[in-house]
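Trainee: Once you've had a glance at the structure underneath, I'll fire off some questions.
The values are calculated or read from the model by the stated rules, or taken from the named source; none is laboratory data. Computed from a prediction, not measured in an experiment: that's the story for all the values here. Positions of Cβ are generated from backbone atoms using ideal geometry, with glycine treated the same way; all protein chains shown enter the neighbour counts.
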Amino acid sequence: MRPPELRLRAPTPGLLALPWDLPLAQWLMPDVPLRDVAVGPSRHLVKFVDCDGALWAVKELPPRLAVREYDVLRHLEELSLNAVRPAGVVVQPDFGTALLVTRYLEGSWQYRRLFLRLPPDQPRQRDRLYDAMASLLVELHRHGVFWGDCSLANTLFSRDGQVLQAWFVDAETSEVHPRLSDGQRELDVDILVENVAAGLDDIAARLGRSAELRATLLTEAIDIRRRYQTLWEILHSEPVFGFADRYRVEGTIRRLHELGFAVDEVTLRPSGTAGNDLRLHVAVGDRRYHATHLHALTGLDVGEGQARILLGELHAYQVQLSREGGEDVSETTAAQLWLREIALPGMDRAHAAVGNTGTPIQAYCDLLEVRWLLSERAGHDVGTEKALAALGHNVVPTDSAAKLVVVETPTEPFEVVFDEDFEDD
Amino acid sequence: MAEISMRNIVKRYGDGYPAVNDISLDIADGEFMILVGPSGCGKSTLLRMIVGLEDITSGEMYIGGKLVNDKAPRDRNLAMVFQNYALYPHLTVFENIAFPLRLSGKLSDAEIRSRVEDAARTLELQEHLDRKPANLSGGQRQRVAMGRAIVRQADAFLFDEPLSNLDAKLRGQMRTEILRLQRRLGVTTVYVTHDQTEAMTLGDRVAVLKKGVLQQVASPRELYENPVNLFVAGFIGSPPMNFVPARIQGDQLELPFVSVPLRPEWEHLGGGDTVFIAGIRPGSFEDATLVDAVKAGRGATFAVDVDVTEWMGNEQYAFVPYDAPADISAQLARLANDLDSEHLRTQICVELDPASQVAPGSRADIWLDTSRIHLFDPRTGENLTRTASAAATA
């Protein structure tokens, strides 16, 4: 008997003790701490193991593919891209197979939840989903990663302020290149559109939805291409200015920041055309502009979408303090006060109001959103208490991001998770 | 009309390395063309340039007579079969195949139905149209994936090592399916593989690539019987061709294990100190005791020490060691490297009739069909006897 070859990132006791010398099909309860996680069918056998305080996905693959996928996931991790993190790969020479271990993303969920836990036909919520997918693909492509099988089923979603983040799960068909050609990007988008359309079509059929909705969903899936292209062009446009108009560069940078992109470097070079026109090239960095800024000010480690909302509140508080004090308060000072007086207590209360679902940060962002929406409707500031109450009872506008608290995992994240109303044939 | 024509295609990456180095190739409408070679030979890169996934550094790519260098993959009307082989689990076979057509929005329900049913007939999936993928066998699922490509009515099908991830049994099944499909539809097909057996069984013509350069493009038989150089000779055929040093001395060709009379077609090669590499396929030998006298006279018979034998049921191999001079050993080692194969040991592989009683560790009489000896130039690798015989048959 040839022993299995283990390659583990963090050789924690629970992981080490797993029966790596057995084929995955023979991993059974109660010997192995398995969890039932409804993630839909997969090309390969996948099981979920709960140990060492985390949930791990174990997938059985031919060794060549497993090692390849492991390397791709590691590469994505190095680039800080939205992807599941590889935890290890174990080759089983006796069976000619390998087991790829990835860490299950806490707080993430599959797209079906969005449709099963919300009232049907929520275009604004679907919007968030599409934006998240288009964003993810743009980020992968910017870093030379070709997905090859982008689909809703291959993606996990998580809440980030008012937007959703999409996370890349299955790297089996992926390729890493120094740069992607236009042809490769196009093909990847084509695959995304087709797969997303099929995923939505499936949901619509299962929910017994009308032909009209199905047609709408198809159109929306096709429209993801436009979202991708718009974002791609913003990130890669190289506008030409006259030297005298170079102040316009600032506008371009600001727009990128608003979208959350940091700017690493800007070059202005002669455009080659007549006169003294310059071509702008922007080296766009990671999409964590606000998150980085908030972290520097407060030490809080949050998502980009969350950071944008929190920074907004922080700045409003800064203005308030300056007005009350009769003199300018620096951003740094305001940040410290805001954190201690407003944010941390607020997070606790908001989290409690939603029954400790999700994270305190997200609950607080939801609170802020609800307060803002209710205030807008009422024509005046409704205050925190009213917003907390609305949040606690999930009596929130259906288009709000706060509505999505219903899709988040229950209090104990590793409870057996059933997608009710959703049984495979 | 979907002939594919490549003129002086070059693909150079940032560091200047030419992954594809000046390849010109014409694929006729309806032809099944295989691109084969060891890893790194450029076959996948070439395919990707046909599809539009890689930019072409220089050269022209024509599909159906139109220049397509700058055309997006979507606009080239080609189908990459198995590219996206995830079947949608909740759709029936029918809907799985129909889905891309529905998405395009360009066809009526009736047209979609007609195309899907045609494809199902071609793939013998008619009885399964109402089933879901989970209830299909591996082979059936692969055929559904092919169905998606067929209904698009593309000008050509492209395959990039589609069988490499399948288990051996399914691989064999799918190979037959692909061939049958291509014959029925008559669609231009370009198929990339590193497996020379696959190449030989599937293609109308096979293009052998090495390090970005096209070595030879010909029918499988032509490649097997008239390889243009050492690389092609050693790459095509399993078990591989034997390579041994050979010298012309007077009216004899000296091989390590036997000397044979000089054949007329070798006379122009000169003699003296020139060492050639003789290439002899295992099938060119036979157990001399099973060869009748008339046939024996047309070749050469000699005695050897047999090291080991392998009996495979339908064929049998004997391995016969010999001595080689140092310079030839070095040349053979380099050749082994090029072919991505293990070090070529100084032994010959002899294919014997399964009924042969030749035993390992014994002395045996072997017959050699001398008309099937190839002689290669050790420096250039060129097949010197091919040139002569090709001229003879031209």
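Trainee: Go through (1) farther than 17 Å from B:VAL51 by Cβ; (2) more than 9 Å from chain B (Cβ to nearest Cβ) for A:ALA197 and report which single condition fails.
Mentor: (2)
Trainee: With region B:124-243 as the region, which strands (runs of 3 or more DSSP E) entirely inside it contain at least 3 residues that are surrounded by 23 or more Cβ atoms within 10 Å (Cβ to Cβ) and at pLDDT below 90?
Mentor: The strands (runs of 3 or more DSSP E) meeting that bar number zero.
Trainee: Does any residue of region B:293-304 turn out to be of a type outside the set (Asp, Glu), over 24 Å from B:ALA233 (Cα atoms) and surrounded by 20 or more Cβ atoms within 10 Å (Cβ to Cβ)?
Mentor: Yes, the conditions are met somewhere in region B:293-304.
Trainee: Right, here's the next one. Among the residues of region B:121-136, which ones are within 14 Å of another protein chain (Cβ to nearest Cβ) and not charged (D, E, K, R)?
Mentor: B:PRO133, B:ALA134, B:ASN135, B:LEU136
Trainee: Take the residues in region B:37-81 that are closer than 19 Å to B:PRO18 by Cβ and of a type in the set (A, V, I, L, M), then tell me which one is farthest from the other protein chains (Cβ to nearest Cβ).
Mentor: The selected residue is B:LEU46.
Trainee: Checking the structure you have, find out if any residue of region B:82-105 is in a loop (DSSP other than H, G, I, E, B), at pLDDT 95 or above, over 23 Å from the mean Cα position of the chain (by Cα) and not small (Gly, Ala, Ser).
Mentor: no
Trainee: Which members of region A:41-69 meet the condition of being in a loop (DSSP other than H, G, I, E, B) and surrounded by 20 or more Cβ atoms within 10 Å (Cβ to Cβ)?
Mentor: none
Trainee: When you look at B:VAL81, is it under 14 Å from B:GLU3 (Cβ atoms), assigned by TED's automatic domain parsing to the domain that holds B:THR188 and touching a helix residue (DSSP H, G or I) at 6+ places or on another chain (Cβ under 6 Å), yes or no?
Mentor: Against the criterion (under 14 Å from B:GLU3 (Cβ atoms), assigned by TED's automatic domain parsing to the domain that holds B:THR188 and touching a helix residue (DSSP H, G or I) at 6+ places or on another chain (Cβ under 6 Å)), B:VAL81 does not qualify.
Trainee: Kindly list the number of the only condition in (1) over 24 Å from A:ALA166 (Cα atoms); (2) out of contact with any Gly (no Cβ under 9 Å at 6 or more places or on another chain) that fails for A:PRO397.
Mentor: (1)
Trainee: From the list A:ILE222, A:ILE234, which residue is under 30 Å from B:ASP55 (Cβ atoms), within 24 Å of the chain's Cα centre (by Cα), away from chain B (no Cβ under 14 Å) and in a helix (DSSP H, G or I)?
Mentor: That would be A:ILE234, the only listed residue that is under 30 Å from B:ASP55 (Cβ atoms), within 24 Å of the chain's Cα centre (by Cα), away from chain B (no Cβ under 14 Å) and in a helix (DSSP H, G or I).
Trainee: Would you confirm whether or not region A:70-88 contains a residue that is under 23 Å from A:ALA198 (Cα atoms), surrounded by fewer than 21 Cβ atoms within 10 Å (Cβ to Cβ) and acidic (Asp, Glu)?
Mentor: No, because not a single residue in region A:70-88 is under 23 Å from A:ALA198 (Cα atoms), surrounded by fewer than 21 Cβ atoms within 10 Å (Cβ to Cβ) and acidic (Asp, Glu).
Trainee: Tell me which residues, restricted to region B:162-175, are under 17 Å from the mean Cα position of the chain (by Cα) and under 16 Å from A:PRO62 (Cα atoms).
Mentor: Answer for region B:162-175, where residues must be under 17 Å from the mean Cα position of the chain (by Cα) and under 16 Å from A:PRO62 (Cα atoms): B:PRO162, B:LEU163, B:SER164, B:ARG171.
Trainee: Follow-up question, since we're still on this one. Hey, can you tell me all the residues within region B:103-120 that are within 14 Å of chain A (Cβ to nearest Cβ) and more than 23 Å from B:ALA156 (Cβ to Cβ)?
Mentor: B:GLY105, B:ASP109
Yes/no matrix, rows are residues, columns are (1) within 21 Å of the chain's Cα centre (by Cα); (2) surrounded by fewer than 21 Cβ atoms within 10 Å (Cβ to Cβ); (3) among the β-branched types (Val, Ile, Thr):
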| site | (1), (2), (3) |
| --- | --- |
| A:ARG288 | yes, yes, no |
| A:ALA296 | no, yes, no |
| A:VAL302 | yes, no, yes |
| A:ILE309 | yes, no, yes |
| A:HIS315 | no, yes, no |
| A:VAL319 | no, yes, yes |
| A:GLU324 | no, yes, no |
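Trainee: Moving on to the next point. Can you tell me which of A:GLU327, A:GLU341 is outside any helix (DSSP H, G or I) and either farther than 25 Å from A:GLY107 by Cα or of a type in the set (Gly, Ala, Ser) (or both)?
Mentor: A:GLU327
Trainee: Of the conditions (1) at pLDDT 90 or above; (2) farther than 30 Å from A:GLY275 by Cα; (3) surrounded by fewer than 19 Cβ atoms within 10 Å (Cβ to Cβ); (4) of a type outside the set (Ser, Thr, Tyr), A:TRP232 fails just one. Which one is it?
Mentor: Here A:TRP232 clears every test but (2).
Trainee: Can I ask one more? Could you please find all residues in region A:170-187 being modelled with pLDDT of 90 or more, more than 10 Å from every other protein chain (Cβ to nearest Cβ) and surrounded by 22 or more Cβ atoms within 10 Å (Cβ to Cβ)?
Mentor: A:SER174, the sole residue that qualifies.
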